[in-house]
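The values are calculated or read from the model by the stated rules, or taken from the named source; none is laboratory data. Just so we're clear, the structure is a prediction, and the values are computed from it rather than from any experiment. Because the Cβ atoms are built from the backbone with ideal geometry, glycine has one as well, and the counts that use them run over all protein chains shown.
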Amino acid sequence: MDILKSLGHPEELINLFKFKIGGCRTIMPKLDYESMSESLRTCYQYLNQTSRSFAAVIQALDGELRHAVCIFYLVLRALDTVEDDMSIPLDRKVPMLNDFHTYLYQDEWCFTESQEKDRKVLEDFPTISLEFRNLAREYRDVISDICHRMGVGMAEFLEKKVGSMKEWDQYCHYVAGLVGIGLSQLFSASQLEDPEVGQDTALANSMGLFLQKTNIIRDYLEDTQQGRAFWPKEAWSQFAGRLEDLAHPDKLELALSCLNLLVTDALRHVPDVIAYLSRLQNQSVFNFCAIPQVMAIATLSSCYNNPMVFQGVVKIRKGQAVTLMMEATNMRAVHTIISQYSQEILQKVSVSDPSREKTLHTLALIREKSTLSQSSLQSRTHHLSPMYLSAAMLLAALSWQYLNTTAVQTQGTGDMQG
């Protein structure tokens, strides 16, 4: 149970309670679905079905940007579903990926043979493409361009493995860096952000690479069990003959060395993340960008030197995720969160780890980029008396139980996934 996982973290219990009773609305205002067309409402339904976490921050965006990003997400979700579907033979899948951007302008195109869990976005693609065509031209041009470039890149890596670290960067660019670039261009096209946000593709690319590398690192076991290999051979071949060998108990020390090498590589994008977020001016755009990034560094901290990466699923606590969502609403808080998790990783660096020096250097660069003072770091701590903390924890626990029971009885909308 989520509340039990947060018992040692009073701040998380309090934030879980706040989130349950409506605190989520400060960052996720309720949408007016009644004013939408039927096809647009259907698109938001698909958004909520395919990504509850991203759906939350997308729906909090301001104005017409919200609809543009919603459609952008669904188009790329459909493209990604084609890439992931192992039942589609390569001689059919490759042309589909290369040509996918053209389907946006074909009224009736759909694909009804997918075996993937998100196949609905392919089966009902005409609804998504209709809403795509309803967007302003500046949004359509960005989405179509990114979809084209991503499809070509995905097709390229269907026919080759991720070998070198450079190829790892290239693969992550195709599947996530381009998303960061496209989103940045949408932000600028909406005029909620300055043109430089959309023009600086290097920083936008780093935003995507940081998230994608975190997911690849975390999902080692699931991917290898399903026959997918996204860890770069240049990294894992230093420690094992086959990628799946890292899951063997007798390879644990070598597996952790490989894991730490990849976490360190992902962390090198954090200075760019800080620089990118520092430029943002619109509050909804800042929340949209900052929340996934702080969750990513929290996930990396959980993964670093953690044997569970090779034995199961490593996820941050729901209370932890809710706390990050509620706190990461300004640059000062983001600096604090990044500093906190960087320090956690630093404390776990082993003197015998082969990547130790590189890890320490990378963490030092992050510290240098983040100018937060020690006093500011301490200001996050809630100086509460033990009696107050005990009372707050008891109140949160009882309220959580009551709200969960009520939610079940009324068939509520469900919780945000961590």
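Anything in the range 229-241 that is surrounded by 13 or more Cβ atoms within 10 Å (Cβ to Cβ) and free of Cβ contacts under 8 Å to residues at least 12 places away in the same chain? List them, or say none. Before the answer, list the steps.
Going through the range 229-241, the residues surrounded by 13 or more Cβ atoms within 10 Å (Cβ to Cβ) turn out to be 229-237, 239-240.
Of everything in the range 229-241, just one residue is surrounded by 13 or more Cβ atoms within 10 Å (Cβ to Cβ) and free of Cβ contacts under 8 Å to residues at least 12 places away in the same chain, namely S237.
Hey, G312 hits all of (1) under 22 Å from I217 (Cα atoms); (2) at pLDDT 85 or above; (3) buried (at least 20 other Cβ atoms within 10 Å of the Cβ) but one; which does it fall short on?
Tallying (1) under 22 Å from I217 (Cα atoms); (2) at pLDDT 85 or above; (3) buried (at least 20 other Cβ atoms within 10 Å of the Cβ), G312 fails exactly one: (3).
Consider P89 carefully, then state whether it is under 27 Å from G227 (Cβ atoms) and modelled with pLDDT of 95 or more. It would help to see each step written out before you state the result.
Working: under 27 Å from G227 (Cβ atoms): yes; modelled with pLDDT of 95 or more: no.
Criteria not met by P89.
Could you tell me how many of the residues in the range 126-140 are farther than 20 Å from S190 by Cα and not in a helix (DSSP H, G or I)?
0
Pick from S302, S278, S284: which is part of a helix (DSSP H, G or I), in the same structural domain as I337 (by TED's automatic domain parsing) and either without any contact (Cβ under 8 Å) to a residue 24 or more places away in the chain or in contact with a Gly (Cβ under 7 Å, 6 or more places away or on another chain) (or both)? Show your work before the answer.
Values: S278 fails: either without any contact (Cβ under 8 Å) to a residue 24 or more places away in the chain or in contact with a Gly (Cβ under 7 Å, 6 or more places away or on another chain) (or both); S284 fails: either without any contact (Cβ under 8 Å) to a residue 24 or more places away in the chain or in contact with a Gly (Cβ under 7 Å, 6 or more places away or on another chain) (or both).
Criteria check complete, one pass: S302.
Can you tell me how many residues within the range 96-118 are among the hydroxyl-bearing types (S, T, Y), part of a loop (DSSP other than H, G, I, E, B) and without any contact (Cβ under 8 Å) to a residue 24 or more places away in the chain?
Quick first cut of the range 96-118, residues among the hydroxyl-bearing types (S, T, Y) only: 102-103, 105, 112, 114.
Next cut, part of a loop (DSSP other than H, G, I, E, B) only: 112, 114.
Now restrict to residues that are without any contact (Cβ under 8 Å) to a residue 24 or more places away in the chain: 112.
Result for the range 96-118: 1.
So in the range 127-141, with the set limited to residues that are surrounded by fewer than 23 Cβ atoms within 10 Å (Cβ to Cβ) and among the aliphatic types (A, V, I, L, M), which one is nearest to D107 (Cα to Cα)?
L130
Taking S339 and the conditions (1) surrounded by fewer than 18 Cβ atoms within 10 Å (Cβ to Cβ); (2) touching a Lys or Arg at 6+ places or on another chain (Cβ under 9 Å); (3) modelled with pLDDT of 90 or more; (4) part of a helix (DSSP H, G or I), which numbered condition does it fall short on, given that it satisfies the others?
Evaluating S339 over (1) surrounded by fewer than 18 Cβ atoms within 10 Å (Cβ to Cβ); (2) touching a Lys or Arg at 6+ places or on another chain (Cβ under 9 Å); (3) modelled with pLDDT of 90 or more; (4) part of a helix (DSSP H, G or I) leaves (1) as the failure.
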